[in-house]
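Take a look at the structure below.
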Amino acid sequence: MNIKKLKLLQALEECNKHIKRILYAYHKMAKFMPLDATKYDHLTDEQIENIDQFIFRFSKLQDAMGERLFRGVLIYLEEEVKNKPFIDLLNRLEQLGALQNKEEWLFLRKLRNDLSHEYLDESEANALNINMVYENTKKLYDIFMQVKMYVNDNLLTLSTDILETPDLCA
């Protein structure tokens, strides 16, 4: 197996792993979402653990997609990615049809960055940021599925274990 194919498959496997963990936490969080300042201030340790896992995996998935999956698709296609601004990579993925809307990705990136600034005395803002990321999980999931289907339909046939991603609504 060539290195480009191997790296692309590894990126897809990593993203699948993060999706599974995100969905686990997402479904656990459904019991107490959405948050407001009062709920945020009275979260149990288990609820905080679910939120922490969710946020961590959301961030890790975005990193894996941006640094490995998106680049991996372009490298597999023998596109030049070194020293290119990330926006150029997103534009190219959009042109190829691997990404439907780069603005959604950029919006999700902003949400994730906003979430990384948690302040102890701002319960309302923290709750709002968590709610926004939670409500937009489907967008991140859909972007991953779009890229994965693009790879499967246009680049290489994926194995069943990579193709099978848990359903967000399950």
Handout entry: Length released on extending from Glu67 to Asn154, taking residue separation times 0.36 nm less the Cα-Cα span
Key = 29.3 nm
Fill in the blank from the handout: Under 13 Å by backbone N from the virtual spin label 7 Å along Cα-to-Cβ at Gln10, the residues of the range 68-91 are 68-69, 72
Practice task
Identify the residues of the range 53-81 with backbone N under 14 Å of a label point that sits 7 angstrom from the Cα of Glu94 along the Cα-to-Cβ direction, or state none.
Solution key: none
Handout entry: Pairwise label distance in nanometres, Asp142 with Ala37, each label 7 Å out on the Cα-Cβ vector
Key = 3.3
Handout entry: Under the Karplus curve 6.51 cos²θ - 1.76 cosθ + 1.60, θ = phi - 60°, whole-Hz ³J(HN,Hα) for the range 48-65, x wherever Gly or Pro sits
Key = 5, 4, 4, 5, 4, 4, 4, 5, 4, 5, 4, 5, 5, 5, 4, 4, 4, 5
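Out of the range 58-158, which chymotrypsin sites (Phe, Trp or Tyr not before Pro) are coil in DSSP terms and have no more than 16 other C-beta atoms within 10 Å? Please report the intermediate quantities before stating the final value.
Working: sites: Phe58, Phe70, Tyr76, Phe86, Trp105, Phe107, Tyr119, Tyr134, Tyr141, Phe144, Tyr150; in loops: Tyr119.
Counting only loop positions with at most 16 other Cβ atoms within 10 Å, the chymotrypsin sites (Phe, Trp or Tyr not before Pro) in the range 58-158 are Tyr119.
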Problem - Set of lysines near Lys17 by C-alpha distance (under 19 Å), chain-local residues within fewer than 8 positions excluded - result: Lys5, Lys7, Lys28, Lys60, Lys138, Lys139, Lys148
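All of the numbers you see were taken from the coordinates with simple rules; none came from a lab. Note that the structure is a prediction, hence the values are computed from the model and not measured. As a convention, Cβ positions derive from the backbone with ideal geometry for all residues, glycine included, and neighbour counts pool all protein chains shown.
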